[in-house]
Amino acid sequence: MIQNTVKATQDATFAVLVPHPNPEAKGFPTPNGTAFFVSTDGYVLTARHVLFMDKEGTSIHDVSSIILTKPESNCMIRNLSIAKDWPDLDLILLKADFDPHKTQPFLSGKTGFDFLEIDFTVIAEGTPVYAFGYPLADIKLQQNAQLMIGFHFFCPRTTSAIIASHYDVLGPSRLSSPFPQYYVIDKALNYGNSGGPIIGEANGKAIAVCQKFQPVGIPQGSGSVTIPSLYGITRSLKNVETDLRTILGI
C-alpha cells in the first residue's frame with residue numbers, strides 16, 4: 001500500500017540544520033534542506049548545496065556542525081562525516097554512527113537506522129513518483145545579553161507527481177547518455193525540499209535527489225520576474241550507481 005511506502009520514506013528522511021549565516025546568531029542551527037538514509041549503518045544522501053556556507057556556493061560547512069533532525073520525533077543526529085562528495089552533480093554522501101544515537105526514543109528497539117533502498121533502473125517518463133521533505137522551514141531567534149532562544153517551524157510535505165522528462169534543458173544539441181541525468185517531475189518542489197528523495201510509487205525505492213525547481217521568467221515592463229514553474233528538477237541516482245554500490249555494498 002502507498003501509505004506503507006510513504007511511512008517508510010518519512011522514517012528515513014530528516015531535516016538538515018546548518019549554522020545560521022548571521023554572525024549575530026552565533027551559529028544557531030537553521031533548517032536548510034532535507035536528507036535521507038540509504039543504509040542501516042548510517043549513510044545519508046543530500047544535495048550538496050544544502051550544506052553551502054554562502055549563496056555563491058564557494059564552500060560548504062564543516063559537517064561536524066551539521067545536524068539531522070526529525071521534528072515530529074524530537075530527535076537529533078550529530079557528528080556526521082563526509083563519505084563521498086560529487087560537486088559536479090550537486091550530491092554528497094554523509095555518514096552517521098548509530099551507537100552514539102541508539103538511546104534516542106526514535107531508535108528504541110532498533111539495531112540500525114531506517115533507510116531507503118535505491119532503484120538504479122531507468123524509470124520511464126509518465127511513471128508515478130512522490131517526494132517527501134521539509135519545505136518552508138523557518139526560524140525565529142530571541143536573545144539578550146545572557147541567553148539566545150531559537151524556535152524552528154517545519155512544514156513536512158509528501159508530494160505526488162509523475163516523471164515528466166529525462167532532461168533538464170535541451171539545448172541546440174543533445175549529448176547522448178546511456179541513462180537519464182535527471183528525472184524532471186511535474187510538480188514544483190519548495191525551498192527546503194532540496195536533498196530529499198524522489199520515490200518510485202510502485203516499489204517505494206529512491207530513484208533521485210531533489211535539487212531545484214525550473215525557473216520561468218515573467219516579463220515585467222523593461223525587466224522580468226522569475227518564478228517557479230510546475231516542474232521540479234531532480235538528479236537521478238543512476239549518475240552515482242558505481243560509487244554507491246561500492247560504498248554501500250549493494
query = Which members of region 76-96 meet the condition of being touching a helix residue (DSSP H, G or I) at 6+ places or on another chain (Cβ under 6 Å), closer than 22 Å to Y191 by Cα and not in a strand (DSSP E or B)?
reply = L89, D90
inquiry  = Tell me whether region 23-43 contains one or more residues that are farther than 26 Å from G204 by Cβ, outside any loop (DSSP other than H, G, I, E, B), out of contact with any helix residue (DSSP H, G or I) (no Cβ under 8 Å at 6 or more places or on another chain) and modelled with pLDDT of 90 or more.
reply    = no
note = Restricting attention to region 86-101, the residues that are exposed (fewer than 15 other Cβ atoms within 10 Å of the Cβ) and under 15 Å from A35 (Cβ atoms) number exactly 1
ask   = If you go through region 196-208 one residue at a time, do you hit one that is over 15 Å from Y130 (Cα atoms) and of a type outside the set (A, V, I, L, M)?
value = no
request  = Kindly check whether there is at least one residue in region 225-237 that is farther than 19 Å from A35 by Cβ, modelled with pLDDT of 95 or more and of a type in the set (S, T, N, Q).
outcome  = no
request  = Within region 30-38, identify whether any single residue is on the phi > 0 side of the Ramachandran plot and under 19 Å from the mean Cα position of the chain (by Cα), and answer yes or no.
outcome  = yes
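Consider I207 carefully, then state whether it is in contact with a Ser or Thr (Cβ under 8 Å, 6 or more places away or on another chain), modelled with pLDDT of 85 or more and not in a loop (DSSP other than H, G, I, E, B).
Yes: the conditions hold for I207.
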request  = Among the candidates Y191, Y183, single out the residue that is hydroxyl-bearing (S, T, Y) and over 12 Å from the mean Cα position of the chain (by Cα).
outcome  = Y183
query = Could you count how many residues in region 62-75 are of a type outside the set (A, V, I, L, M), modelled with pLDDT of 85 or more and not in a strand (DSSP E or B)?
reply = 3
task = From (1) of a type in the set (V, I, T); (2) closer than 20 Å to L248 by Cα; (3) in a loop (DSSP other than H, G, I, E, B), pick out the condition that doesn't hold for T103.
result = (2)
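One line per residue, one yes/no per condition, for (1) touching a strand residue (DSSP E or B) at 6+ places or on another chain (Cβ under 7 Å); (2) buried (at least 20 other Cβ atoms within 10 Å of the Cβ); (3) part of a strand (DSSP E or B); (4) in contact (Cβ under 8 Å) with a residue 24 or more places away in the chain:
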| position | (1), (2), (3), (4) |
| --- | --- |
| V184 | yes, yes, yes, yes |
| Y191 | no, no, no, yes |
| G195 | yes, yes, no, yes |
| A202 | no, no, no, yes |
| F213 | yes, yes, yes, yes |
| L244 | yes, yes, no, yes |
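The values are calculated or read from the model by the stated rules, or taken from the named source; none is laboratory data. These numbers come from a predicted model, not from an experiment. With ideal geometry, Cβ positions are generated from the backbone for all residues, glycine too; neighbour counts draw on all protein chains shown.
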